[in-house]
Each structure stands twice: as C-alpha cells, then as structure tokens.
Amino acid sequence: MNSVSKKVLFINLDKSTSEVKTFPDLHKYIGGVALGLKLYELYQNEDPLIFSIGPLNGFFPFISKTSVVFETDGLIEDVYFGGYLSSRLRFSDLDSLIIFGRASQPVILDLQNESVSFREDDAPHNSLGLPGKRSFLGIVKKQPLLDDYFLSPESGLGQKFEKKRLAGLSVTGTAVYTPKDMDKYTTVYKQLLARTKEVGAEHGFFPSCSGCPMGCAKSNLGEVGGNVLSHSLVACGFAENIYTDVGTVFSCLNILGYDYTHEDIENLPILVQNVLKNLG
Amino acid sequence: MAKCLKASFPQKCIGCELCVLEAQRQLKKVGLEGALIRILRNKKDDKEFLEYSIDMDARINSLDIESIRSVCPTEVFEILNEDAHELG
C-alpha cells in the first residue's frame with residue numbers, strides 16, 4: 001500500500017508494453033475522480049483511458065466503485081462501476097491504471113498485480129486471472145459489462161473500448177495488507193458496516209459489489225456525477241452520507257496509515273476545480 | 001461437540017465477500033490471497049442472474065465461525081455439530 005504516493009500502471013496498446021510509475025506529487029489528489037482527472041490533465045494528448053480507485057477501496061464497506069475517466073466526443077467523462085474491480089485493483093497494489101493508444105488487433109488485457117499479458121480476444125475467460133481473485137470487464141453488445149452483471153452508466157466507454165480495440169480487461173490482485181492497529185481497524189470496520197440504515201438503498205438479493213452487504217436492485221447501474229469527495233474515495237453514491245463526513249473519512253485514512261489531514265480532505269474539491277479549469 | 005461452518009443456502013449468496021473478508025481479518029489480513037473462503041461466480045447462459053458458489057477450506061472451523069456466519073447479510077451459513085455435518 002502506498003501511503004505517501006500514488007502508484008500507476010501504464011499500458012501502451014500500440015507497443016504492447018507496460019510500466020509502473022510512482023507519483024509522490026499526486027498524493028494530495030487522494031484517489032478516484034480527483035486522481036483520474038489530474039492524470040488526464042497530464043496525459044491528455046495520449047487519449048488516456050484511466051481507471052482509479054481510492055485509498056479506502058478494499059478496506060471498508062460500501063466503498064466498492066471504480067472511477068473511469070476518458071474523453072468522448074470532445075467531452076471528458078467520469079463514470080463509476082460497481083462489482084469487484086475496485087477491490088482487485090486494491091489487491092493489485094495499484095491506485096490507477098492508464099491505457100494509451102490502440103491495439104493492432106482486438107486484445108484482452110490480463111493483469112495480475114503489476115504484470116500485464118496481452119491476450120487474443122478469443123482467449124477463454126476462465127483462462128484469465130485467478131478464480132475468486134479476479135474481476136473481468138468485457139464488451140457485450142458493444143457495451144462494457146463488468147463481472148457478468150455490472151453496467152456502465154453511459155455508452156461512451158463502450159465506444160472508447162472499441163476505438164482502442166480493447167476487447168476486455170481482467171484484473172487479479174493477490175496483495176495482502178495488515179493494518180498497523182488491526183484491532184482498531186476491525187472496530188471501525190464493524191461500526192461502518194452497522195450503518196446500513198444510512199445507506200440510501202434497500203436490502204435485496206441481487207448481486208452485490210465487493211464489500212457491500214446491501215445486494216440492492218441498483219448495484220448494476222453504475223453512476224455519473226455526484227460528490228467530489230465520495231467519488232475520489234470511490235464510495236457508492238448510496239453511501240454518500242457516510243463518506244462525505246470528513247471526520248469519518250479522516251479516521252479511516254488514519255487507521256490505514258495515510259498522513260492526510262482534515263484540511264487535505266476539505267480542500268480536495270478546490271484541487272479538482274483547478275484541474276478542470278486547466279482542462280478548459 | 002465440535003462445531004463447523006456450512007454454506008447451507010448458497011442460492012442466497014449475493015457475492016458480497018463479507019465472509020471472505022471477515023475470515024481474513026481474523027487472520028490479521030486484508031486481501032484475498034490465502035483466504036479460507038472463496039466466492040466463485042457462475043454465469044449460466046440461460047439464466048438472467050448470476051449464481052455464486054462458496055468454497056471453504058476445512059481450516060475455517062478453527063476461526064470464530066459465529067462471526068463469519070453472522071456477517072453474511074443473506075444468512076447463507078449455518079453452524080452444525082461436526083457429526084451432523086459428516087452425516088449430512
């Protein structure tokens with residue numbers, strides 16, 4: 001876990017290469033949409049497709065979305081998926097994944113932690129990654145479909161995959177963490193898990209996102225728009241009441257060893273505004 | 001009599017992995033590697049919804065299985081006497 005920097009996996013589809021870079025100067029962007037937009041600003045000339053998670057993904061309940069930032073029809077889009085992708089990126093020890101360029105032929109990216117295999121688009125899905133530890137984002141009827149159930153909230157992402165000749169993305173994460181104060185971490189985890197009444201969704205028996213007990217009917221719909229802090233942590237929009245509380249967020253970050261201050265959290269929307277101004 | 005955890009109602013599983021994470025926390029870990037429970041997703045072409053299967057390592061019974069049973073939001077698990085489990 002990178003408590004003082006952001007770790008980004010760069011994948012170049014033109015050259016079939018990949019590289020991990022660490023960015024201490026991006027630490028203040030915390031994660032999710034804030035980190036994704038800043039990375040977009042830095043690499044906008046390379047048509048980046050950027051997947052980002054936040055520092056609490058995989059560690060706490062109701063924080064199970066993944067932010068995706070990309071350009072379509074001249075507009076910068078930010079969309080949010082549920083499913084297992086955020087926890088698998090967390091357990092790959094990555095904060096972001098950036099995909100550049102266009103493959104010479106349709107390709108499936110098979111990631112295991114920082115390692116990338118470029119597979120042919122007809123590779124059997126059960127040959128990708130490790131069972132029980134992977135997430136798979138594929139294309140069905142020209143639309144992205146995550147883990148056989150979770151949808152993108154709009155059509156631009158499917159077009160972006162098609163443009164890049166990206167037929168699928170499999171992410172397997174095998175990293176294991178031990179928070180310094182495991183007892184305190186467990187206590188806070190259970191306190192948050194007990195706050196289901198504050199979640200704006202009904203309990204159900206639908207497929208749920210990793211780490212979410214709700215099984216709600218809307219888990220597969222994805223999200224657009226919403227609160228900057230919540231989308232930078234990449235929490236579920238229905239749990240916005242919990243994860244827009246600066247005190248709660250600070251406690252969670254602190255337990256995991258992050259050095260963010262209350263002011264860092266409070267000032268995040270201003271950082272995002274500045275990035276958006278730079279992007280025009 | 002020894003107690004054991006059994007996934008008696010896998011059809012109720014929603015794939016949230018809270019049981020996996022609870023077992024890992026008891027082992028002082030956050031992550032999926034070395035987990036004593038694995039949730040596997042099965043998509044049948046003729047069915048609209050996903051099905052999940054629950055793979056458990058027998059060593060799970062050395063943990064606090066009541067906490068694992070109770071963290072499940074859809075009551076997939078039961079705790080049985082070991083003899084009853086063997087017969088069942």
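One line per residue, one yes/no per condition, for (1) free of Cβ contacts under 8 Å to residues at least 40 places away in the same chain; (2) in contact with a helix residue (DSSP H, G or I) (Cβ under 7 Å, 6 or more places away or on another chain); (3) not aliphatic (A, V, I, L, M):
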{"residue": "A:Phe23", "(1), (2), (3)": "yes, no, yes"}
{"residue": "A:His27", "(1), (2), (3)": "yes, no, yes"}
{"residue": "A:Val33", "(1), (2), (3)": "no, yes, no"}
{"residue": "A:Gly36", "(1), (2), (3)": "no, no, yes"}
{"residue": "A:Phe60", "(1), (2), (3)": "no, yes, yes"}
{"residue": "A:Ser64", "(1), (2), (3)": "no, yes, yes"}
{"residue": "A:Ser67", "(1), (2), (3)": "no, yes, yes"}
{"residue": "A:Tyr80", "(1), (2), (3)": "no, yes, yes"}
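Of all residues in the range A:225-280, those satisfying the criterion of being at negative phi, in contact with a strand residue (DSSP E or B) (Cβ under 9 Å, 6 or more places away or on another chain) and small (Gly, Ala, Ser) are A:Ser232, A:Gly237. Scan (1) more than 13 Å from the chain's Cα centre (by Cα); (2) modelled with pLDDT of 95 or more for the single condition A:Phe51 breaks and write down its number. Of everything listed in (1) more than 13 Å from the chain's Cα centre (by Cα); (2) modelled with pLDDT of 95 or more, A:Phe51 misses just condition (1).
Would you please name the residue that is surrounded by the fewest Cβ atoms within 10 Å (Cβ to Cβ), looking only at residues in the range A:12-32 that are of a type in the set (A, V, I, L, M, F, W, C) and closer than 19 Å to A:Val272 by Cβ?
Initial filter on the range A:12-32 (of a type in the set (A, V, I, L, M, F, W, C)): A:13, A:20, A:23, A:26, A:30.
Retained after the next criterion (residues that are closer than 19 Å to A:Val272 by Cβ): A:23, A:26, A:30.
Working: A:Phe23: 18, A:Leu26: 21, A:Ile30: 29.
Once the filter is applied, the top-ranked residue is A:Phe23.
The single condition from (1) closer than 22 Å to A:Gly204 by Cα; (2) at pLDDT below 95; (3) surrounded by 13 or more Cβ atoms within 10 Å (Cβ to Cβ); (4) more than 7 Å from chain A (Cβ to nearest Cβ) that B:Ser70 fails is (2).
Residues checked against (1) farther than 22 Å from A:Gly36 by Cβ; (2) within 14 Å of another protein chain (Cβ to nearest Cβ); (3) crowded, with 24+ Cβ neighbours inside 10 Å:
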{"residue": "A:Val199", "(1), (2), (3)": "yes, yes, no"}
{"residue": "A:His203", "(1), (2), (3)": "yes, yes, no"}
{"residue": "A:Cys209", "(1), (2), (3)": "no, yes, yes"}
{"residue": "A:Lys218", "(1), (2), (3)": "yes, yes, no"}
{"residue": "A:Gly225", "(1), (2), (3)": "no, no, no"}
{"residue": "A:Leu229", "(1), (2), (3)": "no, no, yes"}
{"residue": "A:Gly237", "(1), (2), (3)": "no, no, no"}
{"residue": "A:Asn241", "(1), (2), (3)": "yes, no, no"}
{"residue": "A:Thr244", "(1), (2), (3)": "no, no, no"}
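When the range A:141-150 is filtered for residues that are away from chain B (no Cβ under 14 Å) and part of a loop (DSSP other than H, G, I, E, B), the ones remaining, listed by number, are A:Lys141, A:Lys142. Restricting attention to the range A:18-26, does a residue exist that is touching an Asp or Glu at 6+ places or on another chain (Cβ under 8 Å), among the charged types (D, E, K, R), modelled with pLDDT of 95 or more and assigned to a strand (DSSP E or B)? No; the residues of the range A:18-26 include none that is touching an Asp or Glu at 6+ places or on another chain (Cβ under 8 Å), among the charged types (D, E, K, R), modelled with pLDDT of 95 or more and assigned to a strand (DSSP E or B). Scanning the range A:160-180 for residues that are assigned to a loop (DSSP other than H, G, I, E, B) and either exposed (fewer than 14 other Cβ atoms within 10 Å of the Cβ) or within 11 Å of chain B (Cβ to nearest Cβ) (or both) yields A:Gly173, A:Thr174, A:Ala175, A:Thr178, A:Pro179, A:Lys180. Checked against (1) more than 20 Å from A:Asp95 (Cα to Cα); (2) surrounded by 21 or more Cβ atoms within 10 Å (Cβ to Cβ); (3) modelled with pLDDT of 95 or more, A:Phe150 passes all but a single condition, namely (3).
Any idea how many residues of the range A:205-229 are aliphatic (A, V, I, L, M) and over 15 Å from the mean Cα position of the chain (by Cα)? Adding up the residues that qualify gives 3. In the set (1) in a strand (DSSP E or B); (2) surrounded by 23 or more Cβ atoms within 10 Å (Cβ to Cβ), A:Ser87 fails one condition alone, (1).
Would it be correct to say that A:Pro153 is more than 9 Å from chain B (Cβ to nearest Cβ) and part of a strand (DSSP E or B)? Spelling it out, it is not the case that A:Pro153 is more than 9 Å from chain B (Cβ to nearest Cβ) and part of a strand (DSSP E or B). Of all residues in the range B:22-38, exactly one satisfies the criterion of being facing chain A (nearest Cβ under 7 Å), touching an Asp or Glu at 6+ places or on another chain (Cβ under 9 Å) and hydrophobic (A, V, I, L, M, F, W, C), namely B:Leu32.
Please tell me if A:Glu114 is free of Cβ contacts under 8 Å to residues at least 40 places away in the same chain, among the acidic types (Asp, Glu) and more than 14 Å from chain B (Cβ to nearest Cβ). Write out each step before concluding.
Working: free of Cβ contacts under 8 Å to residues at least 40 places away in the same chain: no; among the acidic types (Asp, Glu): yes; more than 14 Å from chain B (Cβ to nearest Cβ): yes.
Against the criterion (free of Cβ contacts under 8 Å to residues at least 40 places away in the same chain, among the acidic types (Asp, Glu) and more than 14 Å from chain B (Cβ to nearest Cβ)), A:Glu114 does not qualify.
Here A:His125 fulfils each of the conditions (1) over 19 Å from the mean Cα position of the chain (by Cα); (2) within 24 Å of A:Pro24 (Cα to Cα); (3) of a type outside the set (Asp, Glu) apart from (2).
The values are calculated or read from the model by the stated rules, or taken from the named source; none is laboratory data. Fair warning: this is a prediction, and the values are worked out from it, not measured in the lab. Quick reminder, even Gly has a Cβ in these numbers, built from the backbone with ideal geometry, and neighbours come from all protein chains shown.
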